[in-house]
Amino acid sequence: MFKTAVGDVVKFQVKFTLKEGLVNKQFSFLLTGTRQDQEYFDAQTDKTVKEVLIENITDWADQRLILLENNEPAPYSQEAMEYLSKKHATVIGLFWSSYLRECGCKEKN
C-alpha cells in the first residue's frame, strides 16, 4: 500500500589511508549497497557487523587495494570483501559507518 520515493540501492564513496612504512597510501572505493529498513537491522541480532555489511554491499568500483595475482584490481565479490576484512579489519568499520550514514537521511542546512 505504501512505498518510499527513494530506491533500495545506494552508492557512496569512502576514502581512507593505510600506512605503508612511513608513507600514507590513499585509497578510494565507490560502494554500492542495498538500503535496508529498521526491521531488517533489528532481525540481524545473530550476525556480526561484517556479515551484515558483506550481505548488503553488492559492488565496488575504483578500488585499488585488493589485487588479483596479476596486480589488477579485484572485481567485487563476497570473497574479496572477506579477504579485505581479514587483512584490514578497520576498513570494515569505516565501510559500515559510511553505509549506515549514506542509507539514512541527512539534515540539509
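Each value in this text was obtained by applying a stated rule to the coordinates, not by laboratory testing. Not measured: the values here are computed from a predicted model. When we count neighbours, we look across all protein chains shown, and the Cβ atoms used for this are built from the backbone with ideal geometry, even at glycine.
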Selection over region 78-96 where residues are surrounded by 12 or more Cβ atoms within 10 Å (Cβ to Cβ), within 12 Å of the chain's Cα centre (by Cα) and of a type outside the set (A, V, I, L, M, F, W, C) yields a count of 3
Only one of these is in contact (Cβ under 8 Å) with a residue 24 or more places away in the chain and among the hydroxyl-bearing types (Ser, Thr, Tyr): 83, 40, 99. Name it.
-> 99
Looking only at region 54-66, count how many residues are surrounded by 12 or more Cβ atoms within 10 Å (Cβ to Cβ) and within 17 Å of residue 27 (Cβ to Cβ).
-> 8
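Would you be able to say whether some residue in region 68-76 is in contact (Cβ under 8 Å) with a residue 60 or more places away in the chain and surrounded by 10 or more Cβ atoms within 10 Å (Cβ to Cβ)?
Filtering region 68-76 down to residues in contact (Cβ under 8 Å) with a residue 60 or more places away in the chain leaves none.
Checked region 68-76: no residue is in contact (Cβ under 8 Å) with a residue 60 or more places away in the chain and surrounded by 10 or more Cβ atoms within 10 Å (Cβ to Cβ).
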Filtering region 9-33 down to residues that are out of contact with any helix residue (DSSP H, G or I) (no Cβ under 9 Å at 6 or more places or on another chain) and among the polar types (S, T, N, Q), which residue is surrounded by the most Cβ atoms within 10 Å (Cβ to Cβ)?
-> 32
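From 7, 33, which residue is small (Gly, Ala, Ser) and touching a Phe, Trp or Tyr at 6+ places or on another chain (Cβ under 7 Å)?
33
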Taking region 1-55 as the region of interest, how many residues are of a type in the set (D, E, K, R), out of contact with any strand residue (DSSP E or B) (no Cβ under 7 Å at 6 or more places or on another chain), part of a loop (DSSP other than H, G, I, E, B) and over 23 Å from residue 82 (Cα atoms)?
-> 2
